[in-house]
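Engineer: Sharing a structure, written as structure tokens. Questions coming.
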Amino acid sequence: MLGLAARGVTPLILGDLKPDYVALVAALGGQVVRIGPGLDRINPLDAGPWRQVLHNVDAKTATQVRALVTDRRLNMLLALATLVRRGPIAPDETTVTAAALRYLAEREGDTQPVISDVLRIIRNPPPEVRAVTLWQEDHELPRYHEDTANLQRTLLALLHGPLGNTFEGQTTKAIDLDTSAVCVDISGIDES
């Protein structure tokens, strides 16, 4: 890693478990992000540098970038939900989650969505979210809530469980790609 840094390559350690690389990255003058309760927080729905691209591309490319960001957000949220649930997310839950993320992306301003925003949209579904379910009519709302209850419980567990302080809210320290090295130290996250 030291040799690569000397050649101008920016090493990225995006999950230092022990931590093994914190001291080296600090010695290189790089960025260390410490993730865990009471430490730095990462919004798993943070689009990162992709948001900056939107201002410099044509409408077609911007649409493609937004779709890519939504897909990445979905993958991150489903991965965390699977960890919390300790089992797979059902296909219909994935569809509702994707619809909620698309709904939020279409209305996104300067502030990026967070997990509690997704839960809020699933709990109080607009027609765009209910449209991807079998329960689209107003009189079918109780059935919609019944079908999404496990998903809502999973998101609540994510928000209020051991990972809540780590992943709910805006990112506190964005990764700086213009530094000599980056280490994301996740040793502060409990093994559970």
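The values are calculated or read from the model by the stated rules, or taken from the named source; none is laboratory data. Remember, it's a predicted structure, so these values are computed and weren't measured experimentally. Heads up, the Cβs are rebuilt from the backbone with ideal geometry, glycines too, and the neighbour counts pull from every protein chain shown. Calculation scope for accessible area: heavy atoms of the full protein, side chains included, ligands and nucleic acids excluded. Shrake-Rupley method; radii C 1.70, N 1.55, O 1.52, S 1.80 Å.
Engineer: What do you reckon, is GLY48 open to solvent by less than 50 Å² (accessible area, probe 1.4 Å), among the small types (Gly, Ala, Ser) and assigned to a loop (DSSP other than H, G, I, E, B)?
Structural biologist: So GLY48 fits the description; yes.
Engineer: Also, quick follow-up: What are the pairs with Cβ atoms under 7 angstrom where one residue, in region 85-97, is in contact (Cβ under 8 Å) with a residue 24 or more places away in the chain and the other, located anywhere, is in a helix (DSSP H, G or I) and of a type in the set (Val, Ile, Thr)? Sequence gap at least six, or different chains.
Structural biologist: Matching pairs, first to second residue: ARG85/THR154; ILE89/THR82; VAL96/ILE122; VAL96/VAL129; THR97/VAL118.
Engineer: Follow-up question, since we're still on this one. Can you pull out the helices (runs of 4 or more DSSP H) entirely within region 137-179 that have at least 1 residues that are in contact with a Phe, Trp or Tyr (Cβ under 6 Å, 6 or more places away or on another chain) and surrounded by fewer than 13 Cβ atoms within 10 Å (Cβ to Cβ)?
Structural biologist: It comes to none.
Engineer: For region 22-39, which residues satisfy the criterion of being closer than 30 Å to LEU159 by Cβ, touching a Gly at 6+ places or on another chain (Cβ under 9 Å) and either open to solvent by 50 Å² or more (accessible area, probe 1.4 Å) or outside any loop (DSSP other than H, G, I, E, B) (or both)?
Structural biologist: Matches in region 22-39: ARG34, ILE35, PRO37, GLY38, LEU39.
Engineer: When you scan region 75-89, how many residues do you find that are within 13 Å of LEU45 (Cβ to Cβ) and of a type outside the set (S, T, N, Q)?
Structural biologist: The number of residues fulfilling the criteria is 6.
Engineer: Follow-up. For LEU151, indicate whether it is in contact (Cβ under 8 Å) with a residue 60 or more places away in the chain, farther than 30 Å from ARG7 by Cα and of a type in the set (A, V, I, L, M, F, W, C).
Structural biologist: yes
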